[in-house]
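J.: This is the structure, below, for whatever I ask next.
The values are calculated or read from the model by the stated rules, or taken from the named source; none is laboratory data. Since the structure is predicted, the reported quantities are computational estimates derived from the model, not experimental observations. Counting neighbours? That spans all protein chains shown, and the Cβs are built from the backbone with ideal geometry, glycine included. Note: accessible area is taken over every heavy atom of the protein model, side chains too, but ligands, DNA and RNA are not part of it. Shrake-Rupley method; radii C 1.70, N 1.55, O 1.52, S 1.80 Å.
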Amino acid sequence: MVEQGTSVKLRSLIGGTPTSNHGREVALLDPATGEEAFRAELVATRDVARAVASARDAQPAWAHTPAIARGVVLREAADVLEDRRDELAHRITSEMGKVLAESRAEVDEAAFYLRFMSGEGARLVGETRPSVDPRRLSIAERVPAGVVAVITPWNFPLCIPTWKIAAALVVGDSVVFKPALQTAGTGLALAEALCTAGLPAGALNVLVGTGEEAGQELAHHPDVRVLTFTGSTAVGHRLAGLVGGRGARVALELGGKNVAVVLRDADLEQAAERIAHGAFATAGQRCTATSRVIVDGDVHDELLGRLAERADDLRVGPGIDPASDLGPLVSVESRRRVASAVAAAATDGARVVAGGYAPEELPAQAGYYRPTVVTGLQSTHALVRHELFGPVTAVLRADDEDEALRLANATEYGLAASIFTRDLGRALRFSRALRAGVVFVNAATVEAETHLPFGGMGASGNGSRDTGLAALETYTEWKTTYLAPAGTVL
Ligand code: NAP
């Protein structure tokens with residue numbers, strides 16, 4: 001049971017049993033107050049191997065459970081999440097800071113995806129092909145990959161693990177899951193929902209620990225056949241070397257420097273509103289956050305003014321306060337990092353037209369920072385090039401559409417992009433030319449739907465996709481069988 005309060009200790013779940021390590025404890029702080037909210041017991045290194053062994057032992061029986069029955073477990077877990085919607089939403093908000101409305105939406109989205117994937121239990125579509133010999137039947141089926149390691153960040157502590165775990169479980173894999181330590185309680189709550197729904201012990205194990213220790217140990221384990229990782233590009237690339245080097249599969253969903261392009265014929269009110277949402281929802285701590293805005297010179301000043309106005313109108317405050325539009329950043333360190341990047345940009349000549357400071361009336365030991373709009377930077381500036389993961393967006397001017405396209409693609413990342421225009425032909429041209437895994441027309445960069453493939457190009461991933469049916473590629477192998485009647489000779 002997930003409860004709140006300092007007396008509750010978060011412990012790893014191995015083989016269906018909470019595991020105690022007596023002593024290696026850390027305090028997890030509430031981003032809204034900077035004070036201790038939970039305590040976590042860090043998993044011992046030897047217990048990582050125990051978790052993998054538990055998953056390996058549980059996997060054959062789980063894979064032999066009819067796929068339809070595996071799907072039913074996911075569907076019932078969705079019901080459990082919905083029954084506990086409010087409690088889970090409070091848990092998410094107290095662990096990572098986002099406003100309650102967003103946390104509730106996250107619970108809804110996780111339940112939606114569990115139901116979507118539960119349907120795969122009755123489908124798992126394969127292939128049949130004609131054979132060179134008409135007496136033969138040729139079929140290709142998806143079979144489980146085996147033990148899957150899942151490593152996830154804190155910004156969507158329920159949805160991202162759900163995407164990965166639901167897809168892995170429905171195809172018959174077993175899982176060892178290391179949530180971000182900061183949001184380990186939400187990770188454990190997801191496991192609890194699945195266990196309540198009937199998932200057998202060992203099919204899903206949860207490690208409460210740090211990436212440097214538990215995450216590394218997990219990635220090293222030779223019985224892990226697939227590692228699916230969402231997080232920063234630097235860590236993802238390190239893990240890819242490690243896991244790929246021993247011939248196992250690695251799926252990476254990484255950072256972004258997402259762009260909104262506003263063409264001269266755009267509906268500027270809609271553009272400003274959607275860009276503000278894309279840039280500042282979840283305090284900008286989304287892999288798809290709109291951190292660059294490229295605006296046609298003819299409408300640049302007007303769009304900039306409208307965006308700054310919207311940023312100034314947003315209320316920053318604790319996530320549990322219904323009046324807050326934006327919660328704090330995940331930690332005071334994150335806020336310091338963001339503030340110093342904005343200060344450096346100002347020193348380099350940027351004009352800060354909205355925000356750029358921590359509100360004085362809110363606790364200084366917490367992560368509060370005003371939604372910030374900067375302009376006047378070159379496209380090569382660090383604030384325009386590097387992911388900041390905070391409520392900051394940089395607005396750049398383009399002389400024409402060709403320059404807008406060139407600037408939009410001038411990034412090593414390739415996750416999400418938006419185009420604002422009334423002209424479908426222009427929209428299509430941009431959508432085809434933009435190097436991004438997810439493109440929106442007249443919508444925010446953060447509006448992806450989980451029954452479609454989600455993932456990025458370039459430094460935003462390695463070709464895999466979370467969500468949609470494309471996710472199945474990560475968790476299955478293909479087995480091809482040629483069936484011929486006995487006694488036939490080709
Ligand atoms: P992070 O520092 O890379 O951490 C992500 C996860 O990896 C955490 O569970 C972390 O553990 C673990 N980890 C850290 N170092 C590790 C190591 N050496 N070996 C194994 N595991 C390790 O990223 P974050 O700060 O949590 O999240 C922000 C990043 O995630 C941003 O770059 C964002 O764009 C990206 N993101 C991408 C997507 C997407 O779908 N493309 C979605 C959301 C977020 P601990 O933190 O517990 O130590």
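J.: The conditions are (1) of a type outside the set (A, V, I, L, M); (2) in contact with a Lys or Arg (Cβ under 8 Å, 6 or more places away or on another chain); (3) more than 30 Å from THR375 (Cα to Cα); (4) open to solvent by 50 Å² or more (accessible area, probe 1.4 Å), and GLU387 fails exactly one of them. Which is it?
T.: Checking GLU387 against (1) of a type outside the set (A, V, I, L, M); (2) in contact with a Lys or Arg (Cβ under 8 Å, 6 or more places away or on another chain); (3) more than 30 Å from THR375 (Cα to Cα); (4) open to solvent by 50 Å² or more (accessible area, probe 1.4 Å), the one that fails is (3).
J.: Now, a different point. Consider ARG238 against the criteria (1) in contact (Cβ under 8 Å) with a residue 12 or more places away in the chain; (2) within 9 Å of the ligand (Cβ to nearest atom): it satisfies all of them except one. Which criterion is unmet?
T.: (1)
J.: Would you mind stating whether ALA382 is open to solvent by less than 10 Å² (accessible area, probe 1.4 Å) and at pLDDT 95 or above? Break it down into steps so the answer makes sense when it comes.
T.: Numbers: open to solvent by less than 10 Å² (accessible area, probe 1.4 Å): no; at pLDDT 95 or above: yes.
The answer is no for ALA382.
J.: Still on this structure: For segment 406-426, enumerate the residues that are aliphatic (A, V, I, L, M) and either open to solvent by 10 Å² or more (accessible area, probe 1.4 Å) or assigned to a helix (DSSP H, G or I) (or both).
T.: Those that are aliphatic (A, V, I, L, M) and either open to solvent by 10 Å² or more (accessible area, probe 1.4 Å) or assigned to a helix (DSSP H, G or I) (or both): LEU407, ALA408, ALA410, LEU424.
J.: Here's another thing I want to ask about it. Please identify the pairs in which a residue from segment 201-217 that is more than 18 Å from ILE165 (Cα to Cα) has its Cβ atom under 6 Å from the Cβ atom of a residue that is of a type in the set (Ser, Thr, Tyr) and not in a loop (DSSP other than H, G, I, E, B), counting only partners at least 6 apart or on another chain.
T.: Note: pairs meeting the criteria are GLU217/THR45.
J.: Starting from segment 362-385, take each residue that is small (Gly, Ala, Ser) and list its partners that are part of a helix (DSSP H, G or I), counting only C-beta distances under 6 angstrom and pairs at least six apart or across chains.
T.: Correct list of pairs: GLY367/VAL332; GLY367/SER334; GLY367/ARG335; SER379/LEU407.
J.: Among (1) under 22 Å from VAL392 (Cβ atoms); (2) of a type in the set (A, V, I, L, M); (3) surrounded by fewer than 20 Cβ atoms within 10 Å (Cβ to Cβ), where does LEU242 come up short?
T.: Every condition holds for LEU242 apart from (1).
J.: Looking at segment 213-314, what strands (runs of 3 or more DSSP E) fall wholly within it and have at least 2 residues that are closer than 30 Å to ARG50 by Cα?
T.: Details: elements: 224-230, 249-253, 258-262, 290-296.
Answer list for segment 213-314: 224-230, 249-253.
J.: On to the next question. Considering every residue within segment 76-93, establish whether at least one is closer than 29 Å to HIS221 by Cα and either surrounded by fewer than 23 Cβ atoms within 10 Å (Cβ to Cβ) or touching a His at 6+ places or on another chain (Cβ under 6 Å) (or both).
T.: Among the residues of segment 76-93, not one is closer than 29 Å to HIS221 by Cα and either surrounded by fewer than 23 Cβ atoms within 10 Å (Cβ to Cβ) or touching a His at 6+ places or on another chain (Cβ under 6 Å) (or both), which makes the answer no.
J.: Being more than 18 Å from GLY146 (Cα to Cα) and open to solvent by 10 Å² or more (accessible area, probe 1.4 Å) is the filter; apply it to segment 181-208 and report the residue that is nearest to the ligand (Cβ to nearest atom).
T.: LEU181
J.: Turning to a different aspect of this structure: For the list (1) in contact with a Ser or Thr (Cβ under 9 Å, 6 or more places away or on another chain); (2) charged (D, E, K, R); (3) surrounded by fewer than 17 Cβ atoms within 10 Å (Cβ to Cβ), I need the number of the one condition that ARG429 fails.
T.: So the condition that ARG429 fails would be (1).
J.: Return the only residue of GLU403, GLU473, GLU477, GLU449 being open to solvent by 10 Å² or more (accessible area, probe 1.4 Å), in a helix (DSSP H, G or I) and closer than 26 Å to VAL175 by Cβ. Show your work before the answer.
T.: Details: GLU403 fails: closer than 26 Å to VAL175 by Cβ; GLU477 fails: in a helix (DSSP H, G or I); GLU449 fails: in a helix (DSSP H, G or I).
Selected residue: GLU473, the only one of GLU403, GLU473, GLU477, GLU449 that is open to solvent by 10 Å² or more (accessible area, probe 1.4 Å), in a helix (DSSP H, G or I) and closer than 26 Å to VAL175 by Cβ.
J.: Looking at segment 209-226, which of the residues that are more than 9 Å from the ligand (Cβ to nearest atom) and surrounded by 19 or more Cβ atoms within 10 Å (Cβ to Cβ) is farthest from the chain's Cα centre (by Cα)?
T.: The qualifying residue farthest from the chain's Cα centre (by Cα) is HIS221.
J.: Regarding segment 465-473, can at least one residue be identified that is within 16 Å of the ligand (Cβ to nearest atom), under 15 Å from the mean Cα position of the chain (by Cα) and either free of Cβ contacts under 8 Å to residues at least 24 places away in the same chain or within 21 Å of ALA260 (Cα to Cα) (or both)?
T.: Yes, because at least one residue in segment 465-473 is within 16 Å of the ligand (Cβ to nearest atom), under 15 Å from the mean Cα position of the chain (by Cα) and either free of Cβ contacts under 8 Å to residues at least 24 places away in the same chain or within 21 Å of ALA260 (Cα to Cα) (or both).
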